[in-house]
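Trainee: Here it is: the structure, laid out below.
Please treat every number below as a calculation from the coordinates, not as lab data. If you're wondering where the values come from, they're calculated on a predicted model, not measured in any experiment. Note: ideal-geometry Cβ built from the backbone for every residue, glycine included; neighbour counts use all protein chains shown.
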Amino acid sequence: MQTTAPAVTALIEEFAKLPGVGPKTAQRLTFFLLRSPADQSRRLADALVRMKEQVTTCTTCFNITETDPCPICASPQRDHGVICVVEEPLDVLAIEKTESFRGAYHVLNGALSPMEGIGPKDLRISELIARVQGGEVREVILATNPNYEGDYTAAYIAPLLKPQGVTLTRLARGLPLGGDLEYADEGTLSRALEGRRAFEG
Amino acid sequence: MPTPHIYKTEGLVIRHTNYGEADRILTVMTPQYGKIRFIAKGSRKITSKLASAVDLLTRGQFVLATGRELDVVTQGVVLERFDHLRDSLWHATAGYTVAEALGRSLEDREQHDDIYALARDTLRRLDADAEAWLADPVPQNQAGPTARGWATMRSFELVLLDMLGYRPAFHRCVVCEAALQPVENNGFNAELGGAICPTCSRYGIRPLPLLTLKVLRLVQSTEWHALPVMRLDARTRDDVEAILQGIFALNLERSLKSWGLLGT
């Protein structure tokens, strides 16, 4: 005999399929929604449906968007001669938050990982090369993550773009703002020393 | 070996997987505890002090606290980062192959300080080779591995097979046990464990040309630092690689993915 209402069990099962959500958290989320006003659940359901129905991928930069091309690719205010290559759409959000970059993006959809079987064909690398071959691009910033996979992906892409005559750059590595030098790790500190700049103060 | 509540070990990160908001689950090869898995909380954050010590193919010193499911790393410092390896695509792929071969061939908590030393020394050699390659602009125009880098990887594979107990036989026929003659028409069968003489050729799965046999014998019987620089044609290199890959695929029950992606 089923003791819990089938609608509740169904929602618990759906929540439990989400990454990082175990059965207990799934139960807590379900009972939170059960006790909250119906309007809140409706807004959540609407947001989920809208996300699935309206969000697509920009066919130029492969960022997630509701319009194709995405607002960044369509904007005449952006410098389309500079492309910032990132691993994930979340990286675009992080860079946009800085308000320091006025160029365009290219989302690779991950990083090369030979051990996991993620090869060049699984990423948007050929699309990046085609985009650069279009001729408008002057600079490509390889903003993949500063770790082994990110460096590996950048090392794979760089020789493919070099023949196109574009300037290739990599994000600088160094110290985070507001920290104490004594707590910096050796790798970051040595890269920060290598990349030091003339002080004009 | 029973592990205390807080313990310290050096280790080589051979795999890392993102977990939760900003954590990573690491697989680390250590000299004392063999292959262990632990969690590095918050290590994906830019400000994390652990981040550089828990990056892939970094050798670090770690302090770990025993956890209920996974041990937790509380401190980590970098001992070696093999920086040049990352700047050369071929060498970086070779690094992946070392990590994957260790990950797939060892059971958790099985102590192998000899295999740990082999992996560490192989990465050092690859790193030095990558440094020399990056410093010289002429070889950079050539695609593929350097002669020294290629020999380093084949030496790693043969020594690892030996340490795992899968040493292939290249001096005697694995069927009739007769001494193998230096002729062109020997054969090879990974399942039978090595080379096959022309008389037993019906057991051979693939041909074993004389030069391929000589290279395999030389690499198997020579310490890496005494290995001569071998300038081999692509066919012989492919042949040697295919034979070693066949032995790994048979014993690990699947091929190493890193090999196939870009070719090591």
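Trainee: If you take the beta carbon distance between A:GLU194 and B:ALA132 as r and set R0 to 25 Å, what does 1/(1 + (r/R0)^6) give as a FRET efficiency, to the nearest 0.05?
Mentor: 0.80
Trainee: Sort B:SER48, A:SER41 by Cβ crowding within 10 Å, fewest neighbours at the top.
Mentor: Ascending Cβ contact count within 10 Å gives the list A:SER41, B:SER48.
Trainee: Take B:MET29, B:MET163 and order them by how many other Cβ atoms sit within 10 Å, fewest up front.
Mentor: Fewest to most other Cβ atoms nearby, the residues stand as B:MET163, B:MET29.
Trainee: Determine the dipole magnitude for region B:6-80: charges of +1 sit on the beta-carbon of Lys and Arg, -1 on that of Asp and Glu, nothing else is charged, the reference point is the Cα centre, and the result goes in debye to the nearest 20.
Mentor: Details: 11 positive and 7 negative charges, 12 e Å.
Roughly 60 debye, rounded to the nearest 20.
Trainee: If you don't mind, there's one more thing I want to ask. So, how do all the Cα-to-Cα distances of region B:163-223 break down into 10 Å bins, in percent, from 0 on up?
Mentor: For region B:163-223, the pair-distance distribution reads 26, 59, 15, 0.
Trainee: Where does the protein assembly as shown land on Rg/Rh, using Cα atoms and the Kirkwood Rh?
Mentor: Here the Rg-to-Rh quotient is 1.03.
Trainee: What area, in nm² and to one decimal, does the C-alpha convex hull of chain B cast on average over all directions?
Mentor: Answer in nm², one decimal: 15.5.
Trainee: Here is the link list: A:LYS17/A:LYS52; A:LYS17/B:LYS257; A:LYS52/B:LYS45; A:LYS121/B:LYS45. Which ones come out longer than 21 Å on Cα distance?
Mentor: A:LYS17/B:LYS257; A:LYS52/B:LYS45; A:LYS121/B:LYS45
Trainee: How far is it, in nm, from the label point at A:SER75 to the one at B:TYR7 when both lie 7 Å from their Cα along the line to the Cβ?
Mentor: In this crude label model, A:SER75 to B:TYR7 measures out at 5.3 nm.
Trainee: Which of the lysines could be linked to B:LYS41 by a straight reach, that is with a Cα gap under 19 Å, when you skip same-chain ones fewer than 8 residues away?
Mentor: Filter leaves B:LYS8, B:LYS49.
Trainee: Other chains near A:188-194: what is the mean number of their Cβ atoms within 10 Å of each residue's Cβ?
Mentor: Counting Cβ atoms of other protein chains within 10 Å of each residue's Cβ and averaging gives 2.
Trainee: From Cα pairs below 8 angstrom and at least 6 apart in sequence, can you work out the relative contact order of region A:1-83, rounded to a whole percent?
Mentor: This gives 12 percent for region A:1-83.
Trainee: I've got another one for you. Counting C-alpha atoms alone, how compact is chain A: give Rg to one decimal and Dmax as a whole number, in angstrom.
Mentor: Cα only, chain A: 22.2, 77 Å (Rg, Dmax).
Trainee: Put a dot 7 Å past each Cα toward the Cβ at A:ARG35 and B:THR66; how far apart are the dots in nm?
Mentor: For B:THR66 paired with A:ARG35, the spin-label model returns 3.8 nm.
Trainee: Another question, if that's okay. Within 10 Å of each residue's Cβ, count the other Cβ atoms and sort A:ASP180, B:ASP71, B:ASP108 from fewest upward.
Mentor: Listed from fewest to most nearby Cβ atoms, that is A:ASP180, B:ASP108, B:ASP71.
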